[in-house]
Each structure stands twice: as C-alpha cells, then as structure tokens.
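Here's the structure, in structure tokens; my notes come after.
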Amino acid sequence: MSTINPQELLKSMRDSNPLVQCITNYVAMNIAANTMLAAGASPAMVHTPEESGEFAAIAGALTVNIGTLSPIWVDGMKNAINATKSAGKPWVLDPVAHFATPYRSSVAKELMSMNPTVLRGNASEIMALAGEQSSGQGVDTGDSVSSAENAATILSNRHDGVVVITGEVDFVTDGSRIARVSGGSAFMSQITAMGCSLTCLMGAFLATEDDAFAASIGALALFAEAGSLANETATGPGSFSWQFLDQLAAIQPKDIDISRVTIG
Amino acid sequence: MSTINPQELLKSMRDSNPLVQCITNYVAMNIAANTMLAAGASPAMVHTPEESGEFAAIAGALTVNIGTLSPIWVDGMKNAINATKSAGKPWVLDPVAHFATPYRSSVAKELMSMNPTVLRGNASEIMALAGEQSSGQGVDTGDSVSSAENAATILSNRHDGVVVITGEVDFVTDGSRIARVSGGSAFMSQITAMGCSLTCLMGAFLATEDDAFAASIGALALFAEAGSLANETATGPGSFSWQFLDQLAAIQPKDIDISRVTIG
Amino acid sequence: MSTINPQELLKSMRDSNPLVQCITNYVAMNIAANTMLAAGASPAMVHTPEESGEFAAIAGALTVNIGTLSPIWVDGMKNAINATKSAGKPWVLDPVAHFATPYRSSVAKELMSMNPTVLRGNASEIMALAGEQSSGQGVDTGDSVSSAENAATILSNRHDGVVVITGEVDFVTDGSRIARVSGGSAFMSQITAMGCSLTCLMGAFLATEDDAFAASIGALALFAEAGSLANETATGPGSFSWQFLDQLAAIQPKDIDISRVTIG
C-alpha cells in the first residue's frame, strides 16, 4: 500500500500524455477537455456509434458520463465500452443523476452490467446504484460521503471494480483496500461539471497505471491539490474556474501534498 | 404593486434552491448551468424525449430555448412542456432567432401555442412573434426595447402570459401591469448565451414565486445587479464573464438596488 | 501582394459585423461564439438539416468543423455547404482528426470533394488529407508546420482553394502565393477549441473580403496578435483564455503588428 505515490502517478501520466476518449455530456465537454489539457492528457470527445468503437481501440482509456444521454449516444457508449473491453483497456462510468427517471435508471443499470473499471459518483448516486435510499435532487447529492461507503463496497464487490465517492473527503475502494483523499474547495460544487471533468481525468491516470485503485487516487490527489490552491485566491466560482485550470497546469509532481491521501 | 420586492424574491429563491429543468442550446449549456449554480439554483439539463417529461414532473419549473434546435429536441421540449403543464408548474420560452428560417418559425409558433408562463426574447424576436416587421440579424437584435413594447402587450394578452423584452432597459408585462428593470453591462452583448442564461434563471424564480410577473422582475433585477457590479471591474468580455459569476454568487438580497425596478 | 493589409482587413470585418454560420463541434461552440463576438462578428450556430441550408442563404459565410460529427450533423453540413455554394458565398472546412477512424476519414473526403474556399488544419491533418504519412494523435498534431507545406500546396491545387496550416508559425497558400503568420502563445495548445474558434473567425473575414488568401491572413494576424498580447499577462491556460477574449475585443486595427505577416 505504501507504494501508492500520487507524485509518481502524476509524473507517469504527464510523461505519457495519454489519449483518452471522453464520452461526456454537453454541459461538461469544454471544461472537461480543458481540465485534461491543463493536467497533461490528450482528450478526444468521440461519441457517435459509427466511430466510437474504432476510436476506443486507439485510445488509452475511455470515460462514459450519462449527464445528457439519449438513445443514439447510449449506442455510442456501448460500442466504445465493448471495444475498450476487447482491447483490455480500462474505462470509467459516471452515472449522473441515474435515479432521476426510469429511462436514466435503466441505462445506468445496463452500463453497470458491463462492469466499469472505475465507477465514480456522488454519495446519492452510489447509494441509489446499490439499491439504498438516497436524497439526491437532480444532479446534486443530498447525502454525505460516509453514508455511502457501505454502498461503495457492495458495488465494488458486485462489479469487481473500483468505486469512488467524491465529496468533501473522497472515498475509494476496490473491495479490499480503501483510501480517502482530502482537499479541494467548496467552490467546486458551485461550478457545473467539475465531477464530470474529474471522471475524464481518472481515465488519464488509468491509461498509465495498471492498478485502478492507485490510478483513481492519483487523479483525486491532483484534483484536490489544484482545487486547494485555487481556493486560496479565488473570490467566487467564476474566478475559481480559471484559477483551477492555471493551478492544474502549474502543479509539478512534487507539489502534490501526499498527506491528502490516507490509505487503509 | 408595492409588494414586489426583488430582495425578498432573491431570498426566497436562494432559500429553496429550486431544481429547474433547462432545455437550452449547446452553446449556452455550460454558462447557463454556472449562472444557475452561482445564483443559488439547481439546474438540470435533461432533454431527450425518453425522459424529459418524467423529469419535468419532479422539477420546480422548466425553461425551453430553441437556439440549436432539431426535431428530436423539439419532441423532448414538447414532452417536457406537457408534463410541466399537467403538473401545474410554470415554464419559460426563449424563441431564439425564430424568424431566421421557416423551420425555426414553425417550431416557435407551435411552442407559443402551448402558452408559456413567461416568454423572454430580444426586441426583434418579440416583434416578429407578434407579426410585426423586425430588423434582427441571426441571434442579435436590430430593434430597440421600446419599439417592441406594443408587441409584448399583444402577445401577453394573446397567450395569457408574461412577456419580457430584454435589452438596455428590460420591459415586463402581464397584459395589465408593466415594469422596467435597468442595469447590466454593455459587455453582456459581447458574450454569447447571456440571454439564454437569464431565461434559465427566470425558471428559478418562477419555481419559488407564484406571481410570474413578480418572479420575472426578481430574475431581471438579480441579473442586472450582478452585471452592473461586474461592469465596474471588467476590462473586456472575457473578464466580465467570470466576474459576473463571482458577483452573482456574492450578492446578498440586501445588495439588490431596488431602484432598478420601476413598476407601472 | 503589398496590398494585403491585416489592419484594413480587420477594419472592414468590424465595420460590417458579418453574420457567419458556424457548424462546429460541441466542445468548441461556446468559446467559438465568444471569439466571434469579441472580434466583432455575429456568429450563428445553426446545424440541423431542416434549416441549415436556408440559414446559409442569409449568412455571409459558412464554417464547417467535424470535431464531434454524427450522420445527422453531416447531413446538415452538406445542406449548408450546397446552399452556400449556390449563393456564391465562401466556406471553410476544419477536418478535425479526420485520420482517426474510417468513418471520420470518409466524411472528410466527401466534404473535401465539395472544394472548400479555405481548408484549415494542423500539420498532421493537412498531411494526411494529401495522402502523406502523419503522426497525429487524436486531435493533436505530431508534425511540424514546415513538414506539411508541400501537402498544403498539393491540396490547394487539387481543390482550387486556400489551405492554411496553423502552428507556431502559420502557413497559407492559394497554390501560387504563400504567406506565413507568426505570433500567438504556447498556451493556445493547452486550451481546447482554439483552432476551431480560428476556423469560425476565418469565416468572418471571408464574409467581408473576396480574396480568400487575404482574408485568411487577416484572421490569422488578429488571432496571433490577441494571443501574443494575452501571453504577456497570462499565468496559465485558464487566465489566458479570458485574457485572449479581452484582447480580441480591445485590439484596434492599428494594433495589429503587420510584421507578423510575411508574404511570398
């Protein structure tokens, strides 16, 4: 466990400038792409079923987010996931507000059955996926991270993957190991698509680190560090947004405060 | 009339953190969501016909914007509008550049026939909807607010709803009452999707105030206040954009200058 | 050749505030629209086949970008291109990452056969279109501008249009004349959709200058100037992004450093 070093994980990711296919929602696309570029990855927003599978074969990892889903996009997601799995590559699922409508629930259920390498959601999303009662309203969580930890462990075992709950202190588990990552900023919940951007960033770390539990921690630590630094100077959500990107790009591996990560 | 207090309207909106379904265009989605979050509302961009109606049933209000329309999106809009109306909830229509093509005109006409609680447009859009000659070019207005006031009154009576013309000084009418709201910034016309974001914000106020005339004024006053404050420090449209979000989030009810609103 | 003056080209463009139809990708739409507004043009993102052709007839120019393409969007692109050509108006093609998948390649080939007035791409994209070996990864170039100059000349002659390769120093050719434009900022490759935004801006200059070679230079010079100015104060990609928009809006024709342009 002591071998998980977020500084080295950042260095590896930056050195390889991984190509990551991000199928995300319309709201998130721009900020997610900018987050990836600032962090040192190469994002590609390729979604249509006619090419999503073929593109997945050349990308280092895939991320799938159902924020503004529709049937044709779901077809594109499935083609990309199947191609990613066939190529033995990792993928991340972000089941945005999956509990809000029957359509969204059924899509999330179907994508979960494809066993994502990493599942990332807020507390309400994780609890609802495990069949627990949650208090989410639309895309926002109504539950605490700690109240969703049990659900995360259940899902991790059920789908043989890593589950990440993001919030004030993030929680990560692969069913046997657990970790917590602290940091970030309260402004993050006042800006849309920060979670979606983090999902894409997880793809970048997964593309360069075989241990999905470690890769998830690497992405969370970088995100938390940039958020904490931007929080010091931001005067509101608008200034936080661009200062976060500046910090993401400026952070060097040695700048990651490793005490943000608690393993076990 | 003296009971319309934009400070109290903001307080009510913030206190309830309303969930608003925003069906808006691809250009506006990110800035509209950020505007809503900064103001204190909870936006959800849910558009596909498979779920737009079911989501409308759980949201406090709906906003519909035809900026980048296509047939499948129009189906989603109609499902959401019907569900919103069935639930007795309010909705806002933003008929972006509806006069530009026959397809766009026919969609706008169809949505107008569903009688929006609030119609918001620029002067050219409002005049053209009332059958008057306008000078709009693409999405930009070519007419003054005052020249469209008569058209607004006609439309208000015809559709039994509130009509808002936004511009240098905004005009609001419910057919019997009228109001004007001043403030904002010239930078607002140099940034895309400010009007679209305001349309979403109107949904937030409508979700928490039954008088649609008052709710519209509440949204306009907040928008004008944040715009006026950001205008003082911005050095161009780029800096205005993030300073506007910072101001939206920082503004407290007592900061709204009530002299911006003239009723009657 | 001495008659190509980027200062006068900017003045003409600003004076006419051209309406430009931009069919671009989901990632780029917001920043591209803001780039156009800051520069002094009037963008309209109209894509659906039901109206894209009719809108093209009223716009001064059309730009087409295949970044997040899908079949229905390609139909909209073709309708718009055909209407633009019928009206004798110019159009620009941005063949984003066309070499990445067979579907994307076939769409790019089809659109190229419609002979764009201006083709703009990075070095890898231009080389691959000419049938040369390239080193592109996803949407990012892996080749230098100079290594793609021969490919640009071949394509210019083959399609009887202007070809622009953007990079550290941009290259422009119409098959007989060549020009280079220097300036900009290294931050430009750390922000998504800067190239896509430039493609839209080319449409603005094409709408007001009949010589497509000159118009391309006008757009490149403005973009390079704003980028160079923003580079002086930016502290990262986030701050560069908004400072670039501020500079675009503030630049007056006389501020364009004409020594950035080398013709012949």
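The values are calculated or read from the model by the stated rules, or taken from the named source; none is laboratory data. All of these numbers come straight from a predicted model, not from anything done at the bench. Don't worry about glycine lacking a Cβ; one is built from the backbone with ideal geometry, like all the others, and counts go over all protein chains shown.
Does B:S52 fit the bill of being at pLDDT 95 or above and over 16 Å from the mean Cα position of the chain (by Cα)? Quick ask: steps written out before the conclusion?
Working: at pLDDT 95 or above: yes; over 16 Å from the mean Cα position of the chain (by Cα): yes.
Yes: the conditions hold for B:S52.
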Problem set entry | Breaking point among (1) in contact with a Phe, Trp or Tyr (Cβ under 8 Å, 6 or more places away or on another chain); (2) surrounded by 24 or more Cβ atoms within 10 Å (Cβ to Cβ), for C:N34 | (1)
Problem set entry | the stretch C:92-111, subset in a loop (DSSP other than H, G, I, E, B) and more than 17 Å from the chain's Cα centre (by Cα), residue surrounded by the fewest Cβ atoms within 10 Å (Cβ to Cβ) | C:F99
Exercise. Is the stretch C:33-52 home to any residue that is under 19 Å from B:P237 (Cβ atoms) and among the hydroxyl-bearing types (S, T, Y)?
Worked result: yes
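From the list A:A234, A:A250, which residue is within 14 Å of chain B (Cβ to nearest Cβ), more than 20 Å from the chain's Cα centre (by Cα) and hydrophobic (A, V, I, L, M, F, W, C)? Explain how you work it out, then say what you get.
On the way: A:A250 fails: within 14 Å of chain B (Cβ to nearest Cβ).
That would be A:A234, the only listed residue that is within 14 Å of chain B (Cβ to nearest Cβ), more than 20 Å from the chain's Cα centre (by Cα) and hydrophobic (A, V, I, L, M, F, W, C).
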Problem set entry | One residue from B:T192, B:T208 being in contact (Cβ under 8 Å) with a residue 40 or more places away in the chain, part of a loop (DSSP other than H, G, I, E, B) and farther than 30 Å from C:A28 by Cα | B:T208
For this session: Name, by its number, the condition in (1) among the hydrophobic types (A, V, I, L, M, F, W, C); (2) surrounded by fewer than 24 Cβ atoms within 10 Å (Cβ to Cβ); (3) farther than 26 Å from C:A128 by Cα; (4) within 17 Å of the chain's Cα centre (by Cα) that does not hold for C:A57.
Result: (4)
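Within the stretch C:112-127, which residues are more than 14 Å from every other protein chain (Cβ to nearest Cβ), without any contact (Cβ under 8 Å) to a residue 40 or more places away in the chain and crowded, with 23+ Cβ neighbours inside 10 Å?
Here is the first cut: in the stretch C:112-127, the residues more than 14 Å from every other protein chain (Cβ to nearest Cβ) are C:112-121, C:123, C:126-127.
Right, trim to without any contact (Cβ under 8 Å) to a residue 40 or more places away in the chain and you get C:113-114, C:126-127.
If the condition is that a residue be more than 14 Å from every other protein chain (Cβ to nearest Cβ), without any contact (Cβ under 8 Å) to a residue 40 or more places away in the chain and crowded, with 23+ Cβ neighbours inside 10 Å, then C:I126, C:M127 are the ones that fit.
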Problem set entry | Single condition A:D255 does not satisfy, out of (1) touching a residue at least 40 places away in the same chain (Cβ under 8 Å); (2) within 14 Å of another protein chain (Cβ to nearest Cβ); (3) over 25 Å from A:A59 (Cα atoms) | (1)
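What residue, among those in the stretch C:209-230 that are over 16 Å from C:Q7 (Cβ atoms) and either in contact with a Pro (Cβ under 6 Å, 6 or more places away or on another chain) or away from chain A (no Cβ under 14 Å) (or both), is surrounded by the most Cβ atoms within 10 Å (Cβ to Cβ)?
From the stretch C:209-230, those over 16 Å from C:Q7 (Cβ atoms) are C:210, C:212-213, C:227, C:230; that's our starting set.
If we keep only those that are either in contact with a Pro (Cβ under 6 Å, 6 or more places away or on another chain) or away from chain A (no Cβ under 14 Å) (or both) as well, we get C:210, C:212-213, C:227.
Details: C:D210: 8, C:A212: 21, C:F213: 25, C:G227: 23.
My answer is C:F213.
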Exercise. Which of the residues that make up the stretch B:31-60 are in contact with a Ser or Thr (Cβ under 6 Å, 6 or more places away or on another chain), more than 7 Å from every other protein chain (Cβ to nearest Cβ) and in contact (Cβ under 8 Å) with a residue 40 or more places away in the chain?
Worked result: B:A32, B:T35
For this session: Please work out which residue is farthest from the other protein chains (Cβ to nearest Cβ), limiting yourself to the stretch B:190-207 and to residues that are surrounded by 23 or more Cβ atoms within 10 Å (Cβ to Cβ) and among the polar types (S, T, N, Q).
Result: B:T199
Problem set entry | Residue list for the stretch C:141-164, filter: surrounded by fewer than 17 Cβ atoms within 10 Å (Cβ to Cβ) and outside any helix (DSSP H, G or I) | C:G142, C:S144, C:D160
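Which one of C:L201, C:L248, C:L229 is under 29 Å from C:H98 (Cα atoms), assigned to a helix (DSSP H, G or I) and modelled with pLDDT of 95 or more? Even if it seems obvious, please write down each step before you answer.
Working: C:L248 fails: under 29 Å from C:H98 (Cα atoms); C:L229 fails: under 29 Å from C:H98 (Cα atoms).
Every option except C:L201 fails the conditions.
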For this session: Spot the failing condition for B:M77; the list is (1) crowded, with 21+ Cβ neighbours inside 10 Å; (2) in a loop (DSSP other than H, G, I, E, B); (3) more than 11 Å from chain A (Cβ to nearest Cβ), and only one is missed.
Result: (2)
Exercise. Quick one: is B:K89 more than 14 Å from every other protein chain (Cβ to nearest Cβ), more than 30 Å from B:Q243 (Cβ to Cβ), outside any loop (DSSP other than H, G, I, E, B) and touching a Ser or Thr at 6+ places or on another chain (Cβ under 9 Å)?
Worked result: no
Exercise. Which of the residues spanning the stretch A:112-123 are more than 16 Å from A:A80 (Cβ to Cβ) and within 11 Å of the chain's Cα centre (by Cα)?
Worked result: A:L119, A:R120, A:G121, A:N122
Exercise. Quick one: is B:T63 more than 7 Å from chain A (Cβ to nearest Cβ) and not aliphatic (A, V, I, L, M)?
Worked result: yes
For this session: Output the number of the condition that B:S134 fails; it satisfies all remaining conditions of (1) of a type outside the set (D, E, K, R); (2) over 28 Å from B:T84 (Cβ atoms); (3) buried (at least 23 other Cβ atoms within 10 Å of the Cβ).
Result: (3)
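In the stretch A:2-16, which residues are in contact with a Gly (Cβ under 6 Å, 6 or more places away or on another chain) and either in a loop (DSSP other than H, G, I, E, B) or within 10 Å of chain C (Cβ to nearest Cβ) (or both)?
Just the residues of the stretch A:2-16 that are in contact with a Gly (Cβ under 6 Å, 6 or more places away or on another chain), to begin with: A:6, A:9, A:14.
Across the stretch A:2-16, there are no qualifying residues.
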Seminar exercise, completed: Within the stretch B:17-30, the residues that are more than 23 Å from B:I251 (Cα to Cα) and at the interface with another protein chain (Cβ under 7 Å from one of its Cβ atoms) are B:Y26, B:V27
For this session: Please tell me if B:T84 is buried (at least 20 other Cβ atoms within 10 Å of the Cβ), of a type in the set (V, I, T) and in a loop (DSSP other than H, G, I, E, B).
Result: no
For this session: Of the numbered conditions (1) more than 28 Å from C:T68 (Cβ to Cβ); (2) in contact with a helix residue (DSSP H, G or I) (Cβ under 6 Å, 6 or more places away or on another chain); (3) surrounded by fewer than 23 Cβ atoms within 10 Å (Cβ to Cβ); (4) not polar (S, T, N, Q), C:F171 fails exactly one; give the number of that condition.
Result: (1)
Problem set entry | When residues of the stretch C:174-189 are limited to those that are assigned to a loop (DSSP other than H, G, I, E, B) and more than 14 Å from chain A (Cβ to nearest Cβ), the one surrounded by the most Cβ atoms within 10 Å (Cβ to Cβ) | C:G184
